[in-house]
Amino acid sequence: MSRVNTIGNQRIDTARQARLRAALATAIAAAILAILLISFEPFAATEQTLEEPAGPNFLNQIGFSSLGLLAVCGMVMLADRRRTAALLDIAWLPVIAFLLFSASIADDPAGATRSVLFTLFVVVACAGVLAIPHSMAQFRRAAIFALLTVLAISYFGIFLLPDAAIHGAGGLEAQHEGLWRGAFSHKNVAGPVMATLLFCGIYFMRCGHRWSGLAIAVLAAIFVIQTGSKTTNGMIPVAIAAVFAGRVFGVRWLPPLLVLASVAFLAVFTIGTVISPYLADTLAGWLSDPTYTGRTTLWLFGLESIAERPWLGYGFDNFWLKPLVTDSFLPFDADWDYRNIVNGHNNYIDLALFMGIPMATFVIYVLCIRPLLDYLRCRPAPENRRLADLCLMILAFVLLNSFLESSWFRRADPTWVMMVVAILGLRLSACLRMDR
């Protein structure tokens with residue numbers, strides 16, 4: 001009898017330890033995701049200026065580096081090794097090598113290398129969000145808590161800290177007065193992030209979390225509308241339709257094909273209009289502002305600069321706001337003064353500017369094409385399919401938004417964070433069969 005009691009007590013202790021480990025894993029994943037999205041300095045934005053802050057932000061550097069280390073510790077001590085191994089992708093090794101090489105040829109190699117390492121810590125932290133939870137149910141609980149926290153903080157700012165959370169009439173962008181940005185630095189950041197939260201709400205509802213998923217989807221949708229971003233509002237239904245078309249028609253390869261078609265269409269009628277007068281005239285017949293609020297000026301200058309250094313580029317984060325640009329000649333009819341612009345408002349052009357065309361092409365393959373192949377390789381399990389659909393919606397939206405904004409490899413940019421989570425999630429759904 002004593003031996004039976006001992007065995008029973010051991011089983012109880014083992015079960016209790018398992019519950020504690022699961023609770024700790026869920027809490028760590030939730031904290032990492034919430035901090036990645038809202039940063040260590042929410043509501044720190046002021047009205048946008050033309051120049052970046054002088055010097056590095058040591059709070060963010062230390063904070064996000066620590067977050068990456070926390071993710072590593074969590075993956076080593078708490079995560080299922082199969083989940084961690086499934087997230088490893090050898091294709092990322094050349095990407096890291098290209099980033100470090102690009103940093104080495106920048107005017108400030110040490111500073112550029114620090115930026116690359118900071119970005120890689122954030123990527124590791126994103127991997128931790130997916131790897132540390134022991135099951136998809138735990139992952140969803142962590143994500144729901146994190147996203148509700150992000151929404152609560154942003155809405156708190158809207159109602160109680162409006163000067164920090166809503167664009168004002170001062171500064172260089174008085175035209176944005178009254179538009180919401182929440183805890184984020186700008187409405188053009190808040191809009192895309194809230195769009196990805198809307199996709200997550202749909203995912204939660206599909207997985208049985210009807211009320212929490214509905215709350216996240218509705219609150220995120222309202223926020224997107226209040227950011228005043230017509231582009232974001234237009235891309236959301238495209239991303240949703242592209243993914244669910246495959247489910248409706250039962251054709252597995254249809255969603256990736258529709259995503260590629262949407263990306264190609266937008267490439268033609270954004271970057272293409274800078275190259276072809278015919279395309280520019282065609283777009284002018286469709287849109288009241290075919291310059292995309294002056295962005296075509298930036299893209300033309302960027303393409304001309306790429307042509308001057310097509311092979312290696314200018315170095316990581318070593319073009320905009322650098323003397324090569326700030327001291328350049330500005331045509332009198334330019335729609336935007338690119339001499340004082342923080343980025344080129346186009347991820348694809350900025351990547352080629354930093355790395356050159358050959359390396360940028362490979363990186364675009366890893367970030368854009370390879371995840372679509374992972375979607376096609378998704379394991380035939382309900383949990384895998386639902387996760388893959390969510391990640392493809394996020395990826396499709398970010399790939400489209402990347403023709404108008406720059407976020408890739410920009411340290412802890414929340415849009416970049418959600419893109420990395422989506423890419424890794426697609427990898428996970430392709431390599432490991434997941435249960436609830």
Original post:
Where residues in the range 204-251 are in contact (Cβ under 8 Å) with a residue 40 or more places away in the chain and basic (Lys, Arg), which of them is farthest from Leu399 (Cα to Cα)?
Top reply: Arg206
Original post:
For Asn233, are the conditions met, namely being surrounded by 16 or more Cβ atoms within 10 Å (Cβ to Cβ), modelled with pLDDT under 90 and either small (Gly, Ala, Ser) or closer than 18 Å to Thr415 by Cα (or both)?
Top reply: no
Original post:
Restricting attention to the range 303-319, which residues are open to solvent by less than 10 Å² (accessible area, probe 1.4 Å) and either aliphatic (A, V, I, L, M) or without any contact (Cβ under 8 Å) to a residue 40 or more places away in the chain (or both)?
Top reply: Phe319
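Take Trp408 and tell me if it is closer than 24 Å to Ser185 by Cα, of a type in the set (Phe, Trp, Tyr), touching a Leu at 6+ places or on another chain (Cβ under 9 Å) and open to solvent by 30 Å² or more (accessible area, probe 1.4 Å). Even if it seems obvious, please write down each step before you answer.
Working: closer than 24 Å to Ser185 by Cα: yes; of a type in the set (Phe, Trp, Tyr): yes; touching a Leu at 6+ places or on another chain (Cβ under 9 Å): yes; open to solvent by 30 Å² or more (accessible area, probe 1.4 Å): no.
So Trp408 does not fit the description; no.
This table checks each residue for (1) at pLDDT 90 or above; (2) in contact with a strand residue (DSSP E or B) (Cβ under 6 Å, 6 or more places away or on another chain); (3) more than 23 Å from Ile423 (Cα to Cα).
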| residue | (1), (2), (3) |
| --- | --- |
| Gly74 | no, no, no |
| Met77 | no, no, yes |
| Arg82 | no, no, no |
| Ile105 | yes, no, yes |
| Ser135 | no, no, no |
| Val150 | yes, no, no |
| Asp163 | no, no, yes |
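Pick from the range 331-342 the residues that are open to solvent by less than 40 Å² (accessible area, probe 1.4 Å) and part of a loop (DSSP other than H, G, I, E, B): which of them is farthest from Leu99 (Cα to Cα)? Write out each step before concluding.
Pass one, the range 331-342, residues open to solvent by less than 40 Å² (accessible area, probe 1.4 Å): 334, 338, 341-342.
Those still in the list that are part of a loop (DSSP other than H, G, I, E, B) too: 334, 341-342.
On the way: Ala334: 32, Ile341: 22, Val342: 19 Å.
Only one residue fits best here, namely Ala334.
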**OP:** Take Ala239 and decide whether it is surrounded by fewer than 18 Cβ atoms within 10 Å (Cβ to Cβ), of a type in the set (A, V, I, L, M, F, W, C) and closer than 30 Å to His167 by Cα.
**Re:** no
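Take residues that are β-branched (Val, Ile, Thr) and tell me which of the helices (runs of 4 or more DSSP H) falling wholly in the range 246-330 contain 2 or more.
The qualifying helices (runs of 4 or more DSSP H) are 254-268, 271-275, 295-308, 323-326.
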**OP:** Taking only the range 369-393 into account, find how many residues are hydrophobic (A, V, I, L, M, F, W, C), under 19 Å from Ala137 (Cβ atoms) and in contact with a Phe, Trp or Tyr (Cβ under 7 Å, 6 or more places away or on another chain).
**Re:** 2
Original post:
Do the conditions hold for Thr232, that is, is it in contact with a Pro (Cβ under 7 Å, 6 or more places away or on another chain) and within 30 Å of Ala430 (Cα to Cα)?
Top reply: yes
Subject >> Extreme residue, farthest from Phe184 (Cα to Cα), among residues of the range 40-56 that are open to solvent by less than 60 Å² (accessible area, probe 1.4 Å) and modelled with pLDDT under 70 >> reply: Gly55
Original post:
Can you spot a residue in the range 361-369 that is more than 21 Å from the chain's Cα centre (by Cα) and open to solvent by less than 20 Å² (accessible area, probe 1.4 Å)?
Top reply: no
Subject >> Candidate set: the range 374-385, residues that are part of a helix (DSSP H, G or I) and more than 19 Å from the chain's Cα centre (by Cα); chosen: the one farthest from Trp92 (Cα to Cα) >> reply: Pro382
**OP:** Consider Glu405 carefully, then state whether it is touching a His at 6+ places or on another chain (Cβ under 9 Å) and either in contact (Cβ under 8 Å) with a residue 40 or more places away in the chain or in a loop (DSSP other than H, G, I, E, B) (or both).
**Re:** yes
**OP:** Write out, first by first residue and then by second, each pair whose Cβ atoms fall under 6 Å of each other, whose residues are 6+ apart or on separate chains, and whose first residue, in the range 337-352, is touching a residue at least 60 places away in the same chain (Cβ under 8 Å) and among the β-branched types (Val, Ile, Thr) while the second is open to solvent by 30 Å² or more (accessible area, probe 1.4 Å) and not in a helix (DSSP H, G or I).
**Re:** Val342/Glu52
Original post:
Scanning the range 57-75 for residues that are in contact with a Ser or Thr (Cβ under 9 Å, 6 or more places away or on another chain) and within 11 Å of Phe118 (Cβ to Cβ), which turns out most open to solvent (accessible area, probe 1.4 Å)?
Top reply: Asn60
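The values are calculated or read from the model by the stated rules, or taken from the named source; none is laboratory data. Note that this is a predicted model, so its numbers are computed, not measured. In this analysis, Cβ positions are derived from the backbone assuming ideal geometry, glycine residues included, and neighbour counts consider all displayed protein chains. Note: accessible area is taken over every heavy atom of the protein model, side chains too, but ligands, DNA and RNA are not part of it. Shrake-Rupley method; radii C 1.70, N 1.55, O 1.52, S 1.80 Å.
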